[in-house]
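Nothing in this text is a laboratory measurement; each read-out follows from the coordinates by a stated rule. From a predicted model like this one, the values you see are computed outputs, not experimental measurements. Cβ: placed from backbone, ideal geometry, glycine included. Neighbour counts: every protein chain shown.
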Amino acid sequence: MPADPSPHRVARVQALTAALKDHILVLDGAMGTMIQPHKLDEAGYRGIRFAAHAKVVKGNNDLLTLSQPTIILDIHRAYLEAGADIVETNTFSSTRIAQADYGMESLAYELNLEGAKLARKACDEYTNKTPGKPRFVAGAIGPTNRTASISPDVNDPAFRNVTFDELRAAFREQAEGLVAGGADLLLVETIIDTLNAKAALFAIDEFFEASGLRLPVMISGTITDQSGRLLSGQTPEAFWNSLRHVKPLSIGFNCALGAAQFRPYVAELSRVADALISAYPNAGLPNAFGEYDELPHTTAGHIGAWAKDGLVNIVGGCCGTTPDHIKAICESVAGVVPRKIPKQPVKMRLSGLEPFSLAS
């Protein structure tokens, strides 16, 4: 599938680069949080097209791109109205691997294509309203529900339920669909296993080589608890050392923790990474019912402090955040100078679970 090398896409990437030099950009907030108030039942998720599908599909939020596109489009618009600069596609689980749970593997490419088209439509609408504030589409690439480094069987630590090549093929298909649908950049996010991320980034690079088009790539890991490590065990600096060869547009963290718990890990990446820094935390920690209670001004207060301390370039919200959170975040970083990328000394930088550096 040839990528679109159109002047429009090139101009948008140039506008993104210029905007990042000028000010802190704001990502949108949670998709699932905005879907929940619609209280969709099984029939609601199926729509007309999938009414006779053999498996239960309730909870497959990515399917709503095809079965309830107006809902997804309106969510994108709500975040743009709140002030978001970058909108993520509704494609977090749009790989063959993740969609296998619903018997919908064959929809993977279409989900990404149409997901990007919906986000593109919303962004173009708002860019046309205010051309001085361009909006951008981030093609969201989630981690899948399988990990290449961790056994799902506690009795067999060597067992894996997915291979690197299976992940690579699935992520390649996803990237192709997102770019064909109009994504301006690709966002490999909510990384709990660095090897999964390597498969995604390898697949993206393969696609870029074949298509002749290169787009910016954002990388966002997840610190799963206050141990300060990814689920696969790496510290923030080790995580960066593992992926810095990709030369991403940005590196950062999202999900799992609220902004109050996020700061030390964002600060560590900001210290070591010669790339832009992104951060989009949850609206606090979940309560006993799995819901998020943190108010917009609280989340925004933390993020605004990071901005003022020169830690970040791209901010936003993850689970539990709403357009009200994004509006408050936009206000908290307005006029704040974005973080300057530090010049790092030349060293050999390696990583296992911990980082290792050796000066030249």
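Please report how far the C-alpha centroid of region 191-237 lies from that of region 325-339, rounded to the nearest whole angstrom.
26 Å
What are the ³J(HN,Hα) couplings of region 120-131, residue after residue, when phi is run through the Karplus curve with 6.51, -1.76, 1.60 and θ = phi - 60°? Round to Hz, x for glycine and proline.
So the J values, rounded to whole Hz, are 4, 4, 5, 5, 5, 4, 6, 5, 5, 5, 9, x.
Per-residue HN-Hα couplings for region 243-250, Karplus 6.51 cos²θ - 1.76 cosθ + 1.60 at θ = phi - 60°, whole Hz, x for Gly and Pro?
Values per residue, Gly and Pro as x: 10, 5, 4, 6, 6, x, 4, 8 Hz.
Within 10 Å, count the other beta carbons around each residue, average over each peptide in 73-82, 325-334, and list them highest first.
Result, highest mean first: 325-334, 73-82.
Please work out how much length the chain gains when fully extended from residue 357 to residue 155, using 0.36 nm per residue of separation minus the C-alpha to C-alpha distance, in nm with one decimal.
69.2 nm
With 30 Å as the limit, write out which pairs from 21/121; 121/343; 39/247; 21/347; 39/327; 117/327 have Cα-Cα distances beyond it, or answer none.
With Cα atoms farther than 30 Å apart: 121/343; 39/247.
Only one of the listed values, (1) 19.8; (2) 18.1; (3) 22.0, was derived from the coordinates as mean projected area of the Cα convex hull in nm²; which label is it?
Entry (2).
Run through the DSSP bridge list for the chain and note the antiparallel percent, rounded to the nearest 5.
The antiparallel fraction comes to roughly 15 percent.
Take peptides 350-359, 114-123, 8-17 and line them up by average Cβ neighbours within 10 Å, highest first, as a rough protection proxy.
Going by the mean number of other Cβ atoms within 10 Å, highest first, we get 114-123, 8-17, 350-359.
Going Cα to Cα from residue 340, which aspartates and glutamates come in below 20 Å? Please leave out same-chain ones fewer than 8 positions away.
The qualifying aspartates and glutamates are 22, 85, 237, 268, 274, 309.
Report, in cubic angstrom per residue, the convex hull volume of the C-alpha atoms of region 237-360.
In region 237-360, the Cα convex hull volume per residue is 104 Å³.
Which one, 352, 65, 319, is farthest towards the positive end of the dipole of the chain when Lys and Arg carry +1 and Asp and Glu -1 on their Cβ?
352
From the helices alone, meaning DSSP H stretches of at least four residues, give me the mean residue ellipticity at 222 nm for the chain, per-run term -39500 (n - 2.57), in deg cm²/dmol to the nearest 500.
The per-residue figure over the chain is -13000 deg cm²/dmol.
Distance between Cα centroids, region 55-101 to region 240-311: provide it in whole Å.
Measuring centre to centre over Cα atoms gives 22 Å.
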